[in-house]
Amino acid sequence: MLLDFPAVSAKASERLGRIRHVALDMDGTVYMDKALFETAIPFLQLLKRLGLGHTFLTNNPSKSAAEYLTQLKGMGIHATADQLYTSAHATIDFLKGKHPQVRRLFVLGTPGLCDELTAAGFELLPDDPAATPDAVIVGFDQTLTYPRLCRAAWWIKQGKPFIATNPDLVCPTDKPTVLVDCGAITAALERATGRRPHAVLGKPDPAMLRGILLRHSLTPENLAMVGDRLYTDMDMAHRAGAMGVLVLTGEATAAEAQKHVPKPDLVVPTLAEFGELLQAYAAR
Ligand SMILES: [Mg+2]
């Protein structure tokens with residue numbers, strides 16, 4: 001309980017009182033595979049009582065926002081579209097912010113990613129050497145075909161900007177297979193073309209958290225990023241200047257957190273203990 005654990009450093013306690021919004025990693029933080037942690041719904045209810053906002057965040061751009069909202073609803077979490085931020089949203093915000101001239105895209109991505117890009121106003125081009133894109137977007141494409149992979153390489157070779165939605169090499173699975181993710185597809189394109197991607201969005205790039213700050217007019221000191229991985233969730237928090245809160249319900253252990261540089265701002269067993277701390281500091 002709060003009396004003994006977690007040990008809160010002076011720096012962390014100073015930050016806790018300023019938190020206005022919580023960004024939540026999903027797998028390993030809110031649920032494991034498809035099973036919701038029993039701490040999740042009480043934690044979300046507490047945030048609401050304390051008047052703190054929250055956003056669910058994922059590196060996986062293969063499902064559209066609507067598909068993620070349906071998945072959460074199936075677990076008993078009723079979220080709205082503006083409470084979800086995926087690496088597809090980070091890619092869209094990156095293009096609009098940094099490359100406003102880019103309109104026509106050649107995309108290696110699922111229908112979910114393509115839907116998000118189309119809804120954001122981009123034109124998605126067919127696999128046709130006469131249809132010249134402004135940029136190539138590479139996602140976690142579970143619908144990948146060899147001709148489209150080759151066409152993407154062709155456009156990259158022609159010097160078109162090349163943007164990867166997320167750096168993950170594989171997507172975790174308990175099935176007897178390896179789910180080849182965006183990072184590995186990107187690596188194939190790099191080897192084939194000799195060109196590196198212009199940008200790789202998704203964690204640990206801070207773009208997702210910056211997008212959330214922008215969406216809610218917040219500053220980094222108002223934001224806590226909660227996740228179970230050191231080299232993605234916690235590194236992203238650090239790079240964005242947000243408070244990094246590691247939960248021990250997923251990948252990282254307390255011992256690994258001790259050794260990681262930089263250390264998370266706070267390490268808690270589950271969302272419940274983080275909720276207790278938010279409540280204690282909100283009351284001060
Ligand atoms: Mg996770």
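Picking from residues in region 236-268 that are surrounded by 22 or more Cβ atoms within 10 Å (Cβ to Cβ) and more than 20 Å from residue 13 (Cα to Cα), the one that is nearest to the ligand (Cβ to nearest atom) is 252. Filtering region 176-199 to residues that are part of a helix (DSSP H, G or I) and without any contact (Cβ under 8 Å) to a residue 40 or more places away in the chain leaves 183, 184, 187, 188, 190, 191, 192.
When 193, 173, 177, 165 are checked against the criterion of being of a type in the set (S, T, N, Q), more than 14 Å from the chain's Cα centre (by Cα) and at pLDDT 95 or above, a single residue qualifies: 193. State whether the residues of region 8-22 include one that is within 16 Å of the ligand (Cβ to nearest atom) and in contact with a strand residue (DSSP E or B) (Cβ under 9 Å, 6 or more places away or on another chain). Within region 8-22 (the criterion being within 16 Å of the ligand (Cβ to nearest atom) and in contact with a strand residue (DSSP E or B) (Cβ under 9 Å, 6 or more places away or on another chain)), the answer is yes, since at least one residue qualifies. Mind listing just one residue for me: the one in region 212-235 that is more than 13 Å from the chain's Cα centre (by Cα) and part of a loop (DSSP other than H, G, I, E, B) and, of those, farthest from the ligand (Cβ to nearest atom)? Once the filter is applied, the top-ranked residue is 217.
Inspection of region 59-74 identifies no residue that is of a type in the set (A, V, I, L, M, F, W, C), in contact with a Phe, Trp or Tyr (Cβ under 9 Å, 6 or more places away or on another chain), within 16 Å of the ligand (Cβ to nearest atom) and touching a residue at least 24 places away in the same chain (Cβ under 8 Å). Restricting attention to region 197-215, the residues that are small (Gly, Ala, Ser) and out of contact with any strand residue (DSSP E or B) (no Cβ under 7 Å at 6 or more places or on another chain) total 2. Within the set 106, 43, the sole residue that is modelled with pLDDT of 95 or more, within 16 Å of the ligand (Cβ to nearest atom) and either assigned to a helix (DSSP H, G or I) or not assigned by TED's automatic domain parsing to the domain that holds residue 276 (or both) turns out to be 43. Scanning region 148-175 for residues that are outside any loop (DSSP other than H, G, I, E, B) and under 16 Å from residue 27 (Cβ atoms) yields a total of 2.
The values are calculated or read from the model by the stated rules, or taken from the named source; none is laboratory data. Keep in mind that what you see is a predicted model, and the values were worked out from it rather than measured. No Cβ is skipped: glycine too gets one built from the backbone with ideal geometry, and neighbour counts run over all protein chains shown.
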